[in-house]
Amino acid sequence: MNNKIYMPILKGKKGEFDALKTLNEEIQSLILPLIEVPAIPWDFVNEKEASSIEKQISSTVKSIKGSWEPKNEILIDTYYLEEDFGNGEKTLNVVMKELIDEGYTPIPVLNIYASDDLLKSLVYQDNICIRISFAEQELFDVNDELERIKKILDTNFSDIILLLDMNYIAPESSLIGQISSKALINSIHDIDKFKDFYFSVTSFPINLSGCKTNSVTEIERIEVVIHEYFRSDTSKINRVPKFSDYCISNPDIQEMDPRLMTIGASVRYTGEKYWYIFKAASIKKHGSEQYYNLCADIVISRIYFGENYSWGDSQIYNKSKREGGSGNPTVWRQIGTNHHITLVVNQLSN
């Protein structure tokens, strides 16, 4: 596991699973994806849940089987579902058992406030991951809670992957992010004893409403700034974390009535220090063929990495020539995420 250099946090969307499937094997071997099992969607027409917890779990397991090899480890987080599945079962354990039965090595993700009941019944193999958000660390004594979890599970820090999750921070708050993240890292006792240690943050917006139509918007990747700060002087910090982010998504989930949504054609393209949002007009009014023009703009721009850089980049090149279908938001989530993960691994490898 120590050969892993990047933990992409994925929201359990189809396009993200498809992105994992189209990564080359070397990239797959260097990442430790964290899959957030999606919340049960809401039926706005009938004002009720549109699915069930059983269907959410079944769909996620099926997606993992179709996109990720059992030989590669994967992290599972059921934060967005009820802890209790029913019949005395815990939701996280249900997912873990299904994946283990399929030959996978899933690693359960626990929040710092995980209940004693969940901990006492936890189904896992060799390792667990403890996820601490910056909002939560003000509500608990982090070190006391880490000791509680370790004691109930009768395990050692050497079997625990620690994830500090700063969630979203605006690019203009970079300095505050650096100072507060360093303070939290240095406050954790025995941080050098954990099996692995990751730090996650992003400045990707919750939606693209702030991006102008028929233009390109640059957004600074705050996670790059903060991780460069960690490495600029390692004497400032007790342990330098590995890299984690939310790819081309915001950590928060914004569920809206689809009848009220206006979906515009857009391509999210990651550069070394910035995201570039190529945005056109409404798909409903102007059609999906706008994606072809967006791809042509990317290919002739200074930021394009070339058609051979990743599967996603080859798709952008082909569509700039109007080859194949123009795609839809799910396809473009796949293309953008595939390029993003490839770029991050290459950045970290170099």
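Data overview
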| item | result |
| --- | --- |
| Binned Cα-Cα distance frequencies in the range 201-289 - 5 Å width, integer % | 3, 12, 19, 19, 16, 12, 8, 5, 4, 2, 1, 0 |
| Ordering of 58-66, 104-112 by burial proxy (mean other Cβ atoms within 10 Å per residue, highest first) | 104-112, 58-66 |
| GluC sites (Glu not before Pro) lying in DSSP loop within the range 6-61, provided at most 10 other Cβ fall within 10 Å | E47 |
| Equivalent ellipsoid dimensions for the range 1-159 as semi-axes, Å, which come from the Cα gyration tensor, largest first | 24, 22, 15 |
| Two-site FRET efficiency, I303 against I206, from Cβ-Cβ distance with R₀ of 22 Å, rounded to 0.05 | 0.40 |
| Separation of alpha-carbon centers, the range 196-226 and the range 249-321, rounded to whole Å | 14 |
| The range 87-188 pair-distance distribution - Cα-Cα, 10 Å bins, rounded % | 13, 42, 29, 14, 2 |
| Pairwise centroid distance, computed over Cα atoms, of the range 147-179 with the range 77-96, Å | 22 |
| Dipole-positive endmost among G312, A296, H339 within the range 247-350 (Cβ charges, Cα centre) | A296 |
| For the chain, Kirkwood radius (reciprocal of mean inverse C-alpha pair distance, Å) | 21.2 |
| Gyration tensor (alpha-carbon) shape descriptor, the range 221-350, a/c threshold 1.5 | oblate |
| Mean Cβ count within 10 Å, highest first, over the residues of peptides 72-85, 146-159 | 72-85, 146-159 |
| Whole-number D in µm²/s for the range 1-85 (Stokes-Einstein; Kirkwood sum over Cα pairs; 4 °C, 1.567 mPa s) | 93 |
| Pairwise label distance in nanometres, N318 with K285, each label 7 Å out on the Cα-Cβ vector | 3.2 |
| Listed residue pairs exceeding 18 Å between alpha carbons, taken from K65/K242; K71/K193; K14/K279; K193/K242 | K65/K242; K71/K193; K14/K279 |
| Residues in the range 150-166 reached by a label modelled at L184 [backbone nitrogen below 17 Å; 7 Å Cα→Cβ] | 161-166 |
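Taken together, the values in this text are just the output of simple stated rules run on the coordinates, not laboratory data. Predicted model only: the values in this text are computed from it and were never measured. Neighbour counts are summed over all protein chains in view; Cβ atoms, including those assigned to glycine, are modelled from backbone coordinates with ideal geometry.
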